1. Please specify each residue of region 48-75 satisfying the condition of being crowded, with 17+ Cβ neighbours inside 10 Å, at pLDDT below 90 and charged (D, E, K, R).
2. Test each condition in (1) closer than 22 Å to residue 111 by Cβ; (2) of a type outside the set (Gly, Ala, Ser); (3) in contact with a Gly (Cβ under 6 Å, 6 or more places away or on another chain); (4) not in a loop (DSSP other than H, G, I, E, B) for residue 79 and report the one that comes out false.
3. Pairs only if they're at least six apart or on different chains, beta carbon under 6 angstrom, first in region 148-173 and in contact (Cβ under 8 Å) with a residue 60 or more places away in the chain, second part of a helix (DSSP H, G or I) and surrounded by 15 or more Cβ atoms within 10 Å (Cβ to Cβ); list them, first residue then second.
4. Kindly indicate whether residue 72 is charged (D, E, K, R) and over 16 Å from residue 164 (Cα atoms).
5. Pairs only if they're at least six apart or on different chains, beta carbon under 8 angstrom, first in region 44-63 and part of a loop (DSSP other than H, G, I, E, B), second small (Gly, Ala, Ser) and surrounded by 12 or more Cβ atoms within 10 Å (Cβ to Cβ); list them, first residue then second.
6. Hey, could you check region 117-129 for residues that are surrounded by 11 or more Cβ atoms within 10 Å (Cβ to Cβ) and in a loop (DSSP other than H, G, I, E, B) and say which is modelled with the lowest pLDDT?
Amino acid sequence: MAQSTAAAAVLAEDSEQIKQLVSFVLGKEEFGVDILMVQEIIRLATITPIPNAPEFIEGVINLRGKIIPIIDLRKRLKITKEEVKNAKHTRILVIEIDGNVTGFIVDAVSEVLKIPTSRIEPPPEIIVSSIDSEYISGVIKLEENLLILLDFKKILRIEERNKLRQVHQDLST
């Protein structure tokens, strides 16, 4: 009888879908991204500026022989530039968007969270109605604060993704 109770508990746990998120900090806010989108997390490397690059691209880095563009996520999300308390915690999230590997600078990576999907709430209506906020896919209430869930496939507008694609093509030739 005890075995069937344990098996039922496992089945109940399996029926609750869990989403793994990488949480990171920008300024005073905490954000999250689906762990399946993140290829890797690296320390901030020397960024080489690209002449005539779109303003949202900081430059490029050499990641094990592959040149990837780098975007400052603070600038992209229009988060005020305050002094980063500890620049040694600054990281680059390496993410593939539309088949192109791109790096996003964040102030710090916090942890990997396992969150039941039932705890992910849709963004408030005021945010959804703002055209610039379509990349916010949900909000999660944590013990002390809120975690804003980002969809990196929507972080860049279509014309920006096209410019990024062009940068990738220029880099590969």
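The values are calculated or read from the model by the stated rules, or taken from the named source; none is laboratory data. Model, not experiment: these values are computed from the prediction. Ideal geometry is used to build each Cβ from the backbone, glycine not excepted, and the neighbour counts take in all protein chains shown.
1. The one that is crowded, with 17+ Cβ neighbours inside 10 Å, at pLDDT below 90 and charged (D, E, K, R): 74.
2. If we test residue 79 against (1) closer than 22 Å to residue 111 by Cβ; (2) of a type outside the set (Gly, Ala, Ser); (3) in contact with a Gly (Cβ under 6 Å, 6 or more places away or on another chain); (4) not in a loop (DSSP other than H, G, I, E, B), just (4) comes out false.
3. Here the result reads 152/37, each pair linking region 148-173 to a residue that is part of a helix (DSSP H, G or I) and surrounded by 15 or more Cβ atoms within 10 Å (Cβ to Cβ).
4. Criteria not met by residue 72.
5. 47/59; 49/59; 50/59; 53/59
6. This residue is 124.
Matching residues to (1) in a loop (DSSP other than H, G, I, E, B); (2) modelled with pLDDT of 90 or more; (3) of a type in the set (Lys, Arg); (4) surrounded by fewer than 18 Cβ atoms within 10 Å (Cβ to Cβ):
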| site | (1), (2), (3), (4) |
| --- | --- |
| 93 | no, yes, no, no |
| 112 | no, yes, no, yes |
| 115 | no, yes, no, no |
| 132 | no, no, no, yes |
| 152 | yes, yes, no, no |
| 160 | no, no, no, yes |
| 167 | no, no, no, no |
